[in-house]
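The values are calculated or read from the model by the stated rules, or taken from the named source; none is laboratory data. All values reported here derive from a predicted model rather than from experimental measurement. Every residue, glycine among them, receives a Cβ derived from its backbone with ideal geometry; neighbour counts consider all protein chains shown. These accessible areas exclude ligands, DNA and RNA; they are computed on the full protein's heavy atoms, side chains included. Shrake-Rupley method; radii C 1.70, N 1.55, O 1.52, S 1.80 Å.
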Amino acid sequence: MTPDEWVAGMHNEASSVNDREWAMETTMAAGRFEWRGAFVAAAVFAGLGVSVVLLTQFFWQHDTPAQLWLSVMLLSGVVGVLLGSRRVAALEAGAGALAFLPGAWLAVVTLQALLGDAAPITPITGMPDEAVATLAVIAAFAAGLVRVSATRLPLVRL
């Protein structure tokens, strides 16, 4: 049974019973936040944050690409599409994208402990910490777009 079939079954069950409290609890259970999808998305985006810091430190130390933040935003959309195709909902993908910044800062702190003064001071130069909300919106939109297109277009299969 796919998750979508389970949700449809829960809604059918809620509409077929006479007990209002039971119907409300069943409907709420069908729309519950899926923690597993959020943890998968968080792991992927934290890994993306670590990767960006490591690439910046070891490969682009003196010539960081000017459009690095734009590339991270585009990659966030691609990751959102991939997560959406793996049945991760938009809310879970957006919540998981918020782990980009903690992953990046964890890499910075680890490099500072290992390399001392040669380590970076910030994850991405020119990126404010609040900008990670942009990644969450992009990832949520991309994952939601895949999920909606899979339900509305018969040719797209997940």
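Things to note:
- Net length gained if the chain between Val7 and Ala131 were fully extended (0.36 nm per residue, minus Cα distance): 41.2 nm
- Estimated FRET transfer efficiency when R0 is 22 angstrom, pair Ser71-Thr110 (beta carbons, to 0.05): 0.45
- Accessible area, probe 1.4 Å, largest first, for residues Asp19, Asp117: Asp117, Asp19
- Residue order for Thr134, Thr26 - accessible surface, 1.4 angstrom probe, largest first: Thr134, Thr26
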